[in-house]
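The values are calculated or read from the model by the stated rules, or taken from the named source; none is laboratory data. Treat the numbers as computed from the prediction; the structure is a model and nothing was measured. Neighbour counts run over all protein chains shown; Cβ positions are idealised from the backbone, glycine included. Heads up: the accessible areas ignore ligands, DNA and RNA and are worked out on the full protein's heavy atoms, side chains in. Shrake-Rupley method; radii C 1.70, N 1.55, O 1.52, S 1.80 Å.
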Amino acid sequence: VRAQGDTYQVVADVSQFEPPDIVVTTSNCHVAIQAEKVAEDGTVCDTFTHKCQLPKDTDPLSVSCTLTEAGTLVITARRR
């Protein structure tokens, strides 16, 4: 988690996954990123999981995420 001005950022490289395969959830100042690539035969061939805790002064209603064309997931949250 990086502080930049009045926001916090979490950055993850998920370039090996398609956007529908990526799930971001938040709960009690925790962020969880989960991604799963499923082969044509239905088997899971690649996974990514990352969990982190946002600082206590994070506004939980301000959490948002963006996926860049290069496959970088950027999660941002405002500080209170």
ask   = Any chance the range 32-52 includes a residue that's loosely packed, with under 14 Cβ neighbours inside 10 Å, in contact (Cβ under 8 Å) with a residue 24 or more places away in the chain and not in a strand (DSSP E or B)?
value = no
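Part of a strand (DSSP E or B), of a type in the set (Gly, Ala, Ser) and surrounded by 12 or more Cβ atoms within 10 Å (Cβ to Cβ), is that true of Ala3?
No: the conditions fail for Ala3.
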Candidate set from the range 60-79 (those that are loosely packed, with under 15 Cβ neighbours inside 10 Å and in a loop (DSSP other than H, G, I, E, B)); member that is nearest to the chain's Cα centre (by Cα) = Thr68
key: Filter pass, Val10 being loosely packed, with under 11 Cβ neighbours inside 10 Å, of a type in the set (A, V, I, L, M, F, W, C) and under 13 Å from the mean Cα position of the chain (by Cα)   = no
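Answer yes or no as to whether Pro55 is open to solvent by less than 90 Å² (accessible area, probe 1.4 Å) and touching a Phe, Trp or Tyr at 6+ places or on another chain (Cβ under 8 Å). Please lay out each step first, then the result.
Numbers: open to solvent by less than 90 Å² (accessible area, probe 1.4 Å): yes; touching a Phe, Trp or Tyr at 6+ places or on another chain (Cβ under 8 Å): yes.
Yes, satisfied.
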